[in-house]
Amino acid sequence: MQPSESPRIGYVLKIYPRFSETFIVTEILAREAAGEDLEIFSLRPPVDPRFHPELARVQAPVTYLPRPQKLSEGWPIIAAAQRVIPDFGPRFAALLPSLVEAEASEVHQGIDLATRVVERGITHLHAHFGSIAARTARIASSLSGVPFSFTAHAKDIFHELVDSQELIRLLQDAHHAITVSDYNFAYLSALAPAAAHKLHRVYNGLELERFPFEEPRSVHSPFRIAAVGRLVEKKGFGLLISAVSALVRSGAQVELRIAGGGELADDLAQQVKLYGLEQFVTLLGPRTQSEVIDLLRWADVFAAPCVVGQDGNADGLPTVLLEAMAMGVVCIGSDVTGIPEVLGHRGTGASTGLLTRSGNVDDLIAALRTAAGETFNRVAAAKAARQLIEARFDSRSQSAQLRTLCSGNGVAQPIRLRPVTTLGQADFETQADFETQADFEPVTP
């Protein structure tokens, strides 16, 4: 089959769908809503029985690529590629030196993907995470001649097991690469300066209509704290429990609910028991996105006390933090990677939330006290946060940037969008506050 005249984008994902990767589903939905023709190629079957309802809206067909483990199992794949891909022999021969250290299954899936790319007229491959998905897309790209790109997030950049040289090669070989914060952009640009011109910062987007803004009300008693994320070191939930313990000991009335599952579930439960916080802290376990929204509606404050793990892993920019900001929930976050790009004072005084030093429990305690205090302007902070989210994290703007990059038209330019809410000058206390919002506007194309 000859390549189609209209662009067809093949998404390459390690596992699709994945419960914790709602940002990928949001991105796919936004691109489909913009009229793009997408297909999804998953290298592994899903392993989580839980699914978000938004998955039902995805129109893109999904292909689960077989994963042969032995070389002998790959011959039919190679034979099919020989029949379908023009000049497969010379292309494969040229690629072989770079494949000597690759796993056989990865090579076979790359060849299989290349065959399907040609058969289905895919014009561009885009992978998420600069690891196996990007490496497989690169193999398919080399064999098919179809360009590939990838989005680098966090664990694929900062974890101690990341092969920096391989990541550099991916950045160099890609048509373009995307990362999700200015912090990541600076880090990767320094890591691979020769490929920096191919790198672009495109924030993960939100479907803003799904996160309507509500002005925060007076705080409840006990003060309600919510946290959401996988129960892993980099989320810093142990610090949050320690902070709540200190507040309880001081006589403060607080209640903490943490949603998520993960390897530290038993450790955190033990910490809650050790501190005698059973009536103050609840570990909810994994929750669907609609349940997370209910939790955020319940909360007086959302906390993202992220830290850099001992293995080097760190959060990029938690999507749920952006969701909380969009909804008008007062937010606290630490100064890890991209979080300072959304939380803190902007320009001449408008604050979008409270920023703490990573790993500092005293900072966290002080921020919680501030968020619960009468002098903190919760409404102004919530409005400023929503304004920032609308300006920089609208999935429609994100999809437009991704489309521009895939089309090969150079640097993606953010587009201006009509705000979803009716926030305007009258919603800010002073002219300076309003003018500060210019800091939240995208760059004019």
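The values are calculated or read from the model by the stated rules, or taken from the named source; none is laboratory data. Everything numeric in this text was worked out from a predicted model, so none of it was measured. Here the Cβ is made from the backbone with ideal geometry for all residues, glycine too, and neighbour counts use every protein chain on show. Ligands, DNA and RNA are stripped out before the accessible areas are found, and what is left, the full protein with its side chains, is counted by its heavy atoms. Shrake-Rupley method; radii C 1.70, N 1.55, O 1.52, S 1.80 Å.
From the residues in region 5-25 that are modelled with pLDDT of 90 or more and not in a strand (DSSP E or B), which one is most open to solvent (accessible area, probe 1.4 Å)?
Start the filter on region 5-25 by keeping residues that are modelled with pLDDT of 90 or more, which leaves 7-17, 23-25.
Retained after the next criterion (residues that are not in a strand (DSSP E or B)): 7, 16-17, 23-25.
Working: Pro7: 87, Tyr16: 17, Pro17: 18, Phe23: 27, Ile24: 4, Val25: 18 Å².
My answer is Pro7.
If the Cβ limit is 9 Å and pairs must be 6+ apart or interchain, which residue in region 368-391 that is within 17 Å of Ala243 (Cβ to Cβ) pairs with which residue that is part of a helix (DSSP H, G or I) and among the charged types (D, E, K, R)?
Cβ pairs passing all conditions: Ala371/Arg378.
Whether any residue in region 104-117 is farther than 27 Å from His197 by Cα, in contact with a helix residue (DSSP H, G or I) (Cβ under 9 Å, 6 or more places away or on another chain) and assigned to a loop (DSSP other than H, G, I, E, B) is what I want to check.
Residues of region 104-117 that are farther than 27 Å from His197 by Cα, as a first pass: 104-109, 111-113, 115-116.
Applying the additional criterion that residues be in contact with a helix residue (DSSP H, G or I) (Cβ under 9 Å, 6 or more places away or on another chain) yields 104-109, 111-113, 115-116.
Of the ones still in play, those that are also assigned to a loop (DSSP other than H, G, I, E, B) are none.
No: region 104-117 contains no residue that is farther than 27 Å from His197 by Cα, in contact with a helix residue (DSSP H, G or I) (Cβ under 9 Å, 6 or more places away or on another chain) and assigned to a loop (DSSP other than H, G, I, E, B).
Report, by residue number, each residue of region 336-353 that is surrounded by fewer than 24 Cβ atoms within 10 Å (Cβ to Cβ) and at negative phi.
Pro340, Glu341, His345, Arg346, Thr348, Ser351
Exactly one condition in (1) part of a helix (DSSP H, G or I); (2) in contact (Cβ under 8 Å) with a residue 40 or more places away in the chain; (3) surrounded by 22 or more Cβ atoms within 10 Å (Cβ to Cβ); (4) not charged (D, E, K, R) is not met by Leu231; state its number.
With respect to (1) part of a helix (DSSP H, G or I); (2) in contact (Cβ under 8 Å) with a residue 40 or more places away in the chain; (3) surrounded by 22 or more Cβ atoms within 10 Å (Cβ to Cβ); (4) not charged (D, E, K, R), Leu231 is out only on (1).
Output the qualifying pairs, or none if there are none: Cβ atoms under 8 angstrom, residues six or more apart or on different chains, first residue in region 262-280 and of a type in the set (Ser, Thr, Tyr) and at pLDDT 95 or above, second residue in a loop (DSSP other than H, G, I, E, B) and surrounded by 11 or more Cβ atoms within 10 Å (Cβ to Cβ).
Pairs found: none.
Of the residues Ser141, Ser189, Ser218, only one is open to solvent by 10 Å² or more (accessible area, probe 1.4 Å), without any contact (Cβ under 8 Å) to a residue 12 or more places away in the chain and touching a Leu at 6+ places or on another chain (Cβ under 8 Å); which?
The match here is Ser189.
Sort out which residues of region 256-276 are touching a Ser or Thr at 6+ places or on another chain (Cβ under 8 Å) and over 16 Å from Leu231 (Cβ atoms), and write them in order of number.
Tyr275
Does Gly333 meet the test of being crowded, with 20+ Cβ neighbours inside 10 Å, touching a His at 6+ places or on another chain (Cβ under 8 Å) and not basic (Lys, Arg)? If you could, list the steps in order and put the result at the bottom.
Working: crowded, with 20+ Cβ neighbours inside 10 Å: yes; touching a His at 6+ places or on another chain (Cβ under 8 Å): no; not basic (Lys, Arg): yes.
It is false that Gly333 is crowded, with 20+ Cβ neighbours inside 10 Å, touching a His at 6+ places or on another chain (Cβ under 8 Å) and not basic (Lys, Arg).
State which residue is least open to solvent (accessible area, probe 1.4 Å) when the search covers only region 365-420 and only residues that are basic (Lys, Arg) and modelled with pLDDT of 90 or more.
To start, the set of residues in region 365-420 that are basic (Lys, Arg) comprises 369, 378, 383, 386, 392, 396, 403, 416, 418.
Checking the rest, the ones that are also modelled with pLDDT of 90 or more come to 369, 378, 383, 386, 392, 396, 403.
Details: Arg369: 120, Arg378: 26, Lys383: 18, Arg386: 1, Arg392: 66, Arg396: 101, Arg403: 92 Å².
Taking the candidates together, the pick is Arg386.
Tally up the residues in region 66-118 that are open to solvent by 90 Å² or more (accessible area, probe 1.4 Å), at pLDDT 90 or above and among the polar types (S, T, N, Q), please.
Residues that pass the stated criteria total 1.
Between residues in region 150-163 that are in contact (Cβ under 8 Å) with a residue 60 or more places away in the chain and farther than 12 Å from Ala134 by Cβ and residues that are of a type outside the set (A, V, I, L, M, F, W, C) and open to solvent by less than 30 Å² (accessible area, probe 1.4 Å), which pairs lie under 6 Å by C-beta distance while being six or more apart or on different chains?
Ala154/Asp315; Ala154/Gly316; Lys155/Asn313; Phe158/Gly312; Phe158/Asn313; His159/Gly312; His159/Asn313; Glu160/Gly312
Kindly establish whether Thr348 is at pLDDT below 95, more than 18 Å from Leu296 (Cβ to Cβ) and among the polar types (S, T, N, Q).
Working: at pLDDT below 95: yes; more than 18 Å from Leu296 (Cβ to Cβ): yes; among the polar types (S, T, N, Q): yes.
The answer is yes for Thr348.
For residues that are among the acidic types (Asp, Glu) and either open to solvent by less than 20 Å² (accessible area, probe 1.4 Å) or touching a Cys at 6+ places or on another chain (Cβ under 8 Å) (or both), scanning just region 26-55, find the one that is farthest from Gln109 (Cα to Cα).
Glu27
Could you tell me whether region 201-210 includes any residue that is part of a helix (DSSP H, G or I), of a type in the set (A, V, I, L, M) and modelled with pLDDT of 95 or more?
Just the residues of region 201-210 that are part of a helix (DSSP H, G or I), to begin with: 208-210.
Narrowing further to those that are of a type in the set (A, V, I, L, M): 208.
Within this subset, residues satisfying the condition of being modelled with pLDDT of 95 or more are 208.
There is at least one residue in region 201-210 that is part of a helix (DSSP H, G or I), of a type in the set (A, V, I, L, M) and modelled with pLDDT of 95 or more.
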